[in-house]
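Student: Before we start, here is the structure in question, set down as structure tokens.
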Amino acid sequence: MSSRSDVAGRLRPWSDVALPALTGVAMLTAILFVFVVVPDEKVQGVVQRIFYFHVHLAWMAFGGFVFVAATSAWYLRTGSRVADRYAEANAEVGLLFTTLVLITGPLWARPIWGVYWTWDPRLTMTVVLWAIYAAYLMLRRLGNGDETILRYAAVLGIVGVLDIPLLIIAVRLWRGIHPAVMLSDDPEAGLRDPTMIWGVILSGIALGLLFAWLVSLRARFAAIDDQLALRALESERR
Amino acid sequence: MSGLGFLAMAYTAIWVAFFFYLMSLGRRARRLEQEIETLRAAKER
């Protein structure tokens, strides 16, 4: 009977043991802070606690897509399979995080705005970002490893990242209604309690570690997939 | 629904999504294991 470490080869102390363990501890600590330690925000009440994860899900996704652009540029320049695998892994995990941003956002909006969704510039740009990287992954799947398609996808991965600065400045540029989540002009509202700041920091660390762990797993499976395809090709030639 | 209900739904969605993604990675790992076994068997023949 084979174990999971058979697929990955030898057990790697950092990515197989330390990273998942650290992620678990950080996540439990973050959840404890978000649900038990931090007080309710004065204006939004209990529903504001959604933002401790919502905001970091968005930032981690943005970071992942910036990484997609950087590794795609590296792939276009050098043809490196490692760069391409990391681009795909970051796009997939980034898309998962963006999907969760698009789910948790409306669940916050309904009790605060009275509607689940409005075509506010920032919300619209987030949907556009999601669609770009969903198209990037679909293009790769349809290409089925074709080098030309992978290069087209890499270009899309680079172009897509241009949506992020637009998304960030959208609130100011087009006067959208999406709130400046963490800071408020009201001296009594926003993150006024020090434990709230800790809640923000800890949830950021937890989601950052989770993102890194998922990307490392995904990239590793892609590397094994590549090796298997190569071996299968070699044995066919013999 | 109360604010608490929306909060519960948001965090449930987050954990369910992460759980299913990890499950899908597990399925990929099992598929790769099977492919490795097939290649090993072919090599030994």
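Student: Identify, please: which residue in the range A:98-127 is among the hydrophobic types (A, V, I, L, M, F, W, C) and under 15 Å from the mean Cα position of the chain (by Cα) and is, among those, surrounded by the fewest Cβ atoms within 10 Å (Cβ to Cβ)?
Tutor: Filtering the range A:98-127 for residues among the hydrophobic types (A, V, I, L, M, F, W, C) gives A:100-103, A:107-109, A:112-113, A:115, A:117, A:119, A:123, A:125, A:127.
In the following step, the residues that additionally are under 15 Å from the mean Cα position of the chain (by Cα) were identified as A:100-103, A:127.
Working: A:100: 23, A:101: 22, A:102: 17, A:103: 17, A:127: 13.
The residue in question is A:127.
Student: Something else now. Regarding residue B:6, is this residue more than 9 Å from chain A (Cβ to nearest Cβ) and either in contact with a Leu (Cβ under 7 Å, 6 or more places away or on another chain) or within 27 Å of residue A:211 (Cα to Cα) (or both)?
Tutor: It is false that residue B:6 is more than 9 Å from chain A (Cβ to nearest Cβ) and either in contact with a Leu (Cβ under 7 Å, 6 or more places away or on another chain) or within 27 Å of residue A:211 (Cα to Cα) (or both).
Student: Just name the residue that is surrounded by the most Cβ atoms within 10 Å (Cβ to Cβ) out of those in the range B:11-45 that are among the hydroxyl-bearing types (Ser, Thr, Tyr) and under 21 Å from residue A:219 (Cα atoms).
Tutor: B:21
A quick yes/no check of all residues on (1) under 24 Å from residue A:95 (Cβ atoms); (2) at pLDDT below 90; (3) within 13 Å of another protein chain (Cβ to nearest Cβ); (4) more than 23 Å from the chain's Cα centre (by Cα):
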{"site": "A:175", "(1), (2), (3), (4)": "no, yes, no, yes"}
{"site": "A:179", "(1), (2), (3), (4)": "no, yes, no, no"}
{"site": "A:182", "(1), (2), (3), (4)": "no, yes, no, no"}
{"site": "A:189", "(1), (2), (3), (4)": "no, yes, no, yes"}
{"site": "A:192", "(1), (2), (3), (4)": "no, yes, no, yes"}
{"site": "A:215", "(1), (2), (3), (4)": "yes, no, yes, no"}
{"site": "A:226", "(1), (2), (3), (4)": "yes, yes, yes, yes"}
{"site": "A:229", "(1), (2), (3), (4)": "yes, yes, yes, yes"}
{"site": "A:235", "(1), (2), (3), (4)": "no, yes, yes, yes"}
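Student: Within the range A:67-89, identify whether any single residue is within 13 Å of chain B (Cβ to nearest Cβ) and open to solvent by less than 20 Å² (accessible area, probe 1.4 Å), and answer yes or no. Full working, then the answer.
Tutor: Kept after step one, since they are within 13 Å of chain B (Cβ to nearest Cβ), are these residues of the range A:67-89: A:88-89.
Of the ones still in play, those that are also open to solvent by less than 20 Å² (accessible area, probe 1.4 Å) are A:89.
Checked the range A:67-89: at least one residue is within 13 Å of chain B (Cβ to nearest Cβ) and open to solvent by less than 20 Å² (accessible area, probe 1.4 Å).
The values are calculated or read from the model by the stated rules, or taken from the named source; none is laboratory data. Everything numeric here is computed off the predicted structure, so don't read it as measured data. Cβ sites come from the backbone with ideal geometry, for glycine too, and all protein chains shown count toward neighbours. For accessibility, only protein heavy atoms count, side chains too; no ligands or nucleic acids. Shrake-Rupley method; radii C 1.70, N 1.55, O 1.52, S 1.80 Å.
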